[in-house]
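Notes to accompany the following structure.
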Amino acid sequence: MEQLGNSAPLPTISYPMSAPFSWIRPEPHGIHIVPSDCWVDPSRAVERALVTHGHADHARGGHGSTMATPETLAIMKLRYNTDQGAQPVHYGETITLPGNVRATYIPAGHVLGSAQILLEHAGERVVITGDYKRRPDPTCAPFEVTPCDIFITEATFGLPLFTHPPIEEEMARLLARLSSHPDSCVLVGAYALGKAQRVIAELRRAGHHQPIYLHGAMEKMCRLYEDFGVELGPLRLVSDHSKEEMRGHIVISPPSALNDRWSRRLPDPITAMASGWMRVRQRARQRNVELPLIISDHADWAELTRTIEEVNPQESWITHGREEALLRWCQLHQRRARALALVGYEDEDD
Amino acid sequence: MERFAALLDALVYTSSRNTKLALIGEYLRETPDPDRGWALAALTDGLDFKAVKASTIRNLMTERVDPLLWSLSRDFVGDTAETASLLWPDPPGETPPAPTVSETVALLQGMTRATVQHDLPALLDRLDVSGRYALIKLATGAMRIGISARLGKVAFAQSFGVSVDDVEEYWHGIAPPYTELFDWAAHGKAPPDTENMPLFRPFMLAHPLEDGTVDLSDYVAEWKWDGIRVQLVHAGGETRLYSRSGDDITATFPEMAEALTIPAVLDGELLVQGGHQGGKEGGAASFNALQQRLGRKNVSKKMLSELPAFVRLYDALGLEGEDLRALPWERRRERLEAFLPRLPATRFDLSQIVEARDFAHLAQIREGTRADAIEGLMLKRRDSPYVAGRKTGLWYKWKRDPLLIDCVLMYAQRGSGKRSSFYSDYTFGCWDGDPDKGAELLPVGKAYSGFTDAELKWLDKYVRQHTVNRFGPVRETDKSLTFEVAFDSVHASKRHKSGLAMRFPRIHRIRKDKPPHEADRIATLRAMVRD
Ligand SMILES: [Zn+2]
Ligand SMILES: [Zn+2]
């Protein structure tokens, strides 16, 4: 149990506190927990931040104190080179914030260390999902359905056209392309935090035990995953090896390096990309992707809507993504919902 | 159908021209008749099925998916066929076997407005996502997957080792599934007989003259008139007028069809009679005048008398049964000049040769083209044969420099095709007075091009972050960004509130440094009108 000192200054509040849920306010720069003057995933530096997971648009640097899982704090330290103000909160642990607000961190199944945050105050329960998915992922703890009054959900893939196929199918396509082109390599663009490690772990699960070659920008994050007990098998750095050695192998790079000069050092690369956006042909074409792999760390449409049904909140608040469609779905299913206009979140999983 | 669907997917996911040619070639060699002919038609000219339109697909979908969810999805994907293929509910139970391409075509041809509501869903239920995509693309006749008709013909020619010029020649005389074409190319039979048909011949095109110069002893200069390039063909007692893309526009300009009664294939600029381009002697009205006649199926007597068309001749590809295309330009020109008196003078004249002492003098003349409202100059090698397409070193177009004006971004809309899901179509405006004294912005134009991919990404993000209003697919921005817009000319127009319409506007530069109140006023733009 982690407790914040009562010495923290109480915020000045200019609106009545008696209305239901007035203690939780969506503001353009994040979700404000008013009695505690804490912010969830704020997009600018604040005194006290609760951070759901390590992706840059959720985990900004420079906060006075940051309450997050140990994994997320380690990821933030890797990125910002400091762990000043880090306050670890483990999965299942509840902390008490000023103003008598209780916060519990619950696995979100998105990336290593990702958490939903359950906030409780005056008998009211609010869950903030951050980013999440419902599919099994060997690199992180699975999402847990948590009943609540207000469910604050993401909507990155909030359109009915988004269906992520079983990851086994995508791995099979990747390995088939690799074995039919033994003189090439398959270059897979994958987000450096989460996606890359999941693709590697899934390849291992599919029986691929060859060395996997990494772009330099991937190395540290993979090591971090391994330090937290995620096994990734033999990994090598592209920069340490010759073109010849990489023929017939898989190379993983950040999406930004796919069409970059960097890829010229690879032997006849076939360009692949692991992203939920690959469901749409034009998105693949925009990036000159030859082998689109539909793999996402976010919930697809069926998961988003099923989760709302399972959590069964009084009201859903939709943070970022394609909020209009999810809002419409809620309306069609007689569920109360509103879209929040938060700034600073990007379509990750790019 | 699976093989065709796989071909489409493979074509979508490759950007290499050679790979595309190889993929199409392989398909054409390995697929039996008439499947391959239908597929080739779908890839090139497109097929037309009376009962199936884009609206048919939309209607089928909105019966199965909430209309708002459909339109949000369609807006995101930017392609009706693809959206429908993704949203179509998989049928319960075992899927019946997928149809072949020929079977699909036969079924589509058999559908009527009354039966399509039932028959098309039954067909969609026999296919997976890729198959549905291929089916809808085939059925609605608009592939838009980055395969030009030309590429399809080149692939055909390469695949069977025949000349692409021959393919182009025979192509327009026969209909899908092109069985005679395959018999000739794949089985060595006699080529289709096209002698007495008023067929379209592919145009010879010009490269832009970037920075170089040419030697005027080798090249001749002509004005680049501002109309539309056309080919007028008379053969077998019939006359046809074709646009640059080979579309038959004879019905839109009946006076031109009547004017040619001698077998010939003529290349020229279609214009409306007037005194705008090149002054009184120029004899041609502005492009605006011509535009009022384009795209009409029925032409009124009034139109014919108020906006009479004529063709300013550039070249002759054939005269009285003789093919002139292999001759040097100078010989063809002589033949054309000798032929001209046999044509009605109200409907034809000859594109003038621009005389210049040397290249520097020619550059001076080009400077003056703006005052004459002419687009620029054409430079043609005196010994060039008439060859299809753009051949380096033979013909150049040398347009005058564009006009520039600073405008403010007002609205943005998602693009289509490769740019779908990006806000890539921009409406911009100029001030109707002094912006510091409460003047307003009025839209003056729309641009879809001129920016790099990196700039597009930046603009897309900018639009999302500066949206103040949404109207369906359109976002209104907070009018905080200045564009330097390049355009060829500006004309008076009743269609726009500003009373002005630009030709070929494109984003020249994004002026992040320039505050919007310093953008130009309507009056500045109006002063550039040369109507
Ligand atoms: Zn995330
Ligand atoms: Zn996110």
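The values are calculated or read from the model by the stated rules, or taken from the named source; none is laboratory data. Everything numeric here is computed off the predicted structure, so don't read it as measured data. Here Cβ is always computed from backbone atoms with ideal geometry, including for glycine, and neighbour counts include all displayed protein chains. All accessible areas refer to the heavy atoms of the entire protein, side chains included, with ligands and DNA or RNA removed. Shrake-Rupley method; radii C 1.70, N 1.55, O 1.52, S 1.80 Å.
For this structure, a couple of remarks:
- Check on residue B:181, closer than 27 Å to residue B:390 by Cβ, touching a strand residue (DSSP E or B) at 6+ places or on another chain (Cβ under 6 Å) and touching a residue at least 24 places away in the same chain (Cβ under 8 Å): no
- Among the conditions (1) in a strand (DSSP E or B); (2) under 23 Å from the mean Cα position of the chain (by Cα); (3) small (Gly, Ala, Ser), the only one that residue B:316 does not satisfy is (2).
- Taking the range B:198-250 and the strands (runs of 3 or more DSSP E) fully enclosed by it, the elements with 2 or more residues that are open to solvent by 40 Å² or more (accessible area, probe 1.4 Å) are at B:238-243.
- Test: residue B:393 is more than 25 Å from the chain's Cα centre (by Cα) and open to solvent by 10 Å² or more (accessible area, probe 1.4 Å): no
- Looking across the range A:67-88, the residues that are out of contact with any Asp or Glu (no Cβ under 7 Å at 6 or more places or on another chain), open to solvent by 10 Å² or more (accessible area, probe 1.4 Å) and away from ligand 2 (no atom under 16 Å from the Cβ) come down to A:70, A:71, A:74, A:78, A:80, A:81, A:82, A:83, A:84, A:85, A:86, A:88.
- The set of residues in the range B:219-237 being modelled with pLDDT of 90 or more and among the acidic types (Asp, Glu) consists of B:222 alone.
- Among the residues of the range A:53-66, those that are within 16 Å of ligand 2 (Cβ to nearest atom) and crowded, with 17+ Cβ neighbours inside 10 Å comprise A:53, A:54, A:55, A:58, A:59, A:60.
- Strands (runs of 3 or more DSSP E) contained in the range A:241-350 and holding at least 1 residues within 14 Å of chain B (Cβ to nearest Cβ) and within 16 Å of ligand 1 (Cβ to nearest atom): A:315-321
- Scanning the range A:111-125 for residues that are in contact (Cβ under 8 Å) with a residue 24 or more places away in the chain and over 22 Å from residue A:136 (Cβ atoms), we see that the one that is nearest to ligand 2 (Cβ to nearest atom) is A:117.
- Flag if residue A:108 is within 15 Å of ligand 2 (Cβ to nearest atom) and open to solvent by 20 Å² or more (accessible area, probe 1.4 Å): no
- Scanning the range B:117-162 for residues that are among the hydroxyl-bearing types (Ser, Thr, Tyr) and open to solvent by 50 Å² or more (accessible area, probe 1.4 Å) turns up just one, B:148.
- Qualifying residue in the range A:34-49 (condition: away from ligand 2 (no atom under 14 Å from the Cβ), closer than 22 Å to residue A:147 by Cβ and open to solvent by less than 10 Å² (accessible area, probe 1.4 Å)): no
- Of all the listed residues (B:271, B:290, B:327), the sole one being in contact with a Phe, Trp or Tyr (Cβ under 9 Å, 6 or more places away or on another chain) and either farther than 24 Å from residue B:383 by Cβ or open to solvent by 80 Å² or more (accessible area, probe 1.4 Å) (or both) is B:271.
- Among the candidates A:319, A:307, A:271, the residue that is touching a strand residue (DSSP E or B) at 6+ places or on another chain (Cβ under 6 Å) and within 16 Å of ligand 2 (Cβ to nearest atom) is uniquely A:319.
- Residue within the range B:177-189 that is in a loop (DSSP other than H, G, I, E, B) and under 30 Å from residue B:91 (Cβ atoms) present: yes
- Members of the range B:77-100 that are within 14 Å of chain A (Cβ to nearest Cβ) and open to solvent by 50 Å² or more (accessible area, probe 1.4 Å): B:89, B:90
- Qualifying positions in the range B:338-350 - open to solvent by 90 Å² or more (accessible area, probe 1.4 Å) and at pLDDT 95 or above: B:341, B:342
- Those residues of the range A:115-130 which are more than 16 Å from ligand 1 (Cβ to nearest atom) and part of a strand (DSSP E or B), in sequence order: A:118, A:119, A:120, A:121, A:124, A:125, A:126, A:127
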